[in-house]
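A short worksheet on the structure shown next.
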Amino acid sequence: PTHGIPVPPVVADVWDGTTIVEPLKGSNEWYIITSGDELAWIATQANIATFSANLLITKDIDLGDKPWLVIGKGVYYNGSINGNHHTIRGLYLNPAAADVNCGLIGQTNNSLAFIRDLNLEGRMLINTKHTGSNADYGSLIGLNNAMGTIENCHSNVTIDIADNSDAAYIGGLCGRVKATHYISCSYSGTFTIAESAKVSSGWGGLIGTF
């Protein structure tokens, strides 16, 4: 009992931008994600080769406004994520010229996977010209090549496309989408395109292009 003494809110540990910690697995072999350190470990594994492990987020996560590693950078992340109604905040995305898929997740390609009940807060700054034939940017997923469903996912990530930069496809939630059902999702961030910036193929508040 608290005897009338207010209970302070639980404050998420803030990721320092470098530390990685291997998360524990639950009885169903899903990784239990409780911190930015653990989510960063997932990113490092997913960027080595196609990674299909599933994630259960059990706490709000603060990525500390440090440059994010991107889960599935140049390779597919093909697992599912149950956000459990938690928020990942402090997400900072700043793709380099060679980063042609950028988001919390770079790219996906699994029609049986899902992402649900996840909130995002943070910012994306696009201030370079990409070097690929396409570039797909979104706060949640850059290139969603295939996924079963994305449900009840909400982004309040500020997106700024700066002067003299470009992006082929950019969306508030997902940049380029194929073969996926979206259910009860939203984007509520500020989306700004500088006068001299270029969005060559498609952009949208929720999705850049199908």
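The values are calculated or read from the model by the stated rules, or taken from the named source; none is laboratory data. Computed from a predicted structure; not experimentally measured. Every residue, glycine as well, gets a Cβ built from its backbone with ideal geometry; the counts of neighbours run over all protein chains shown. Just the protein is used for accessible areas: all its heavy atoms, side chains included, with ligands, DNA and RNA removed. Shrake-Rupley method; radii C 1.70, N 1.55, O 1.52, S 1.80 Å.
Peptide packing for 136-146, 99-109, 62-72, 172-182 was compared via the average number of neighbouring C-beta atoms within 10 Å per residue; ordered from the highest value, the list is 136-146, 99-109, 172-182, 62-72. If R0 is 22 Å, the Cβ-Cβ spacing of GLN45 and THR19 corresponds to a FRET efficiency of close to 0.90.
With a 1.4 Å probe and every protein chain left in place, work out the accessible area per residue of the chain in Å², rounded to a whole number.
Computed with neighbouring chains in place, this is 45 Å² per residue.
Each residue of the stretch 124-139 is assigned a 3J(HN,Hα), and the resulting list reads 10, 10, 10, 9, 8, 9, 6, 9, x, 6, 9, 9, 10, 10, x, 5 Hz, derived from the Karplus form 6.51 cos²θ - 1.76 cosθ + 1.60 (θ = phi - 60°), x at Gly and Pro.
The lysines whose alpha-carbon is closer than 24 Å to the alpha-carbon of LYS178, local same-chain residues fewer than 8 away aside, are LYS73, LYS198. For SER111, the solvent-accessible surface with a 1.4 Å probe is about 80 Å², rounded to the nearest 10. Phi angles of the stretch 61-77 translate, via the Karplus equation with coefficients 6.51, -1.76, 1.60 and θ = phi - 60°, into HN-Hα couplings of 10, 10, 8, x, 6, 8, x, 7, 6, 6, 8, x, 9, x, 9, 7, 9 Hz per residue; Gly and Pro are given as x.
Evaluate E = 1/(1 + (r/R0)^6) for ASN94 and ASN152, where r is the Cβ-Cβ distance and R0 equals 35 Å; express this FRET efficiency to the nearest 0.05. The calculated FRET efficiency here is 0.80. Projected onto their three principal axes, the Cα atoms of the stretch 111-210 cover extents of 38, 26, 15 Å, largest first.
Probe radius 1.4 Å, ligands and nucleic acids left out: which of TRP15, TRP41 has the largest accessible area, and how do the rest follow?
Values: TRP15 5, TRP41 30 Å².
Most to least solvent-accessible, the answer reads TRP41, TRP15.
The SER52 and THR192 beta-carbon pair, evaluated with R₀ = 41 Å, returns a calculated FRET efficiency of approximately 0.70. Principal-axis analysis of the Cα atoms of the chain puts helix 36-46 at an angle of about 50° to the longest axis. Solvent-free Debye calculation, one equal scatterer per alpha-carbon of the chain: log10 I(q)/I(0) at 0.16 Å⁻¹ equals -0.98.
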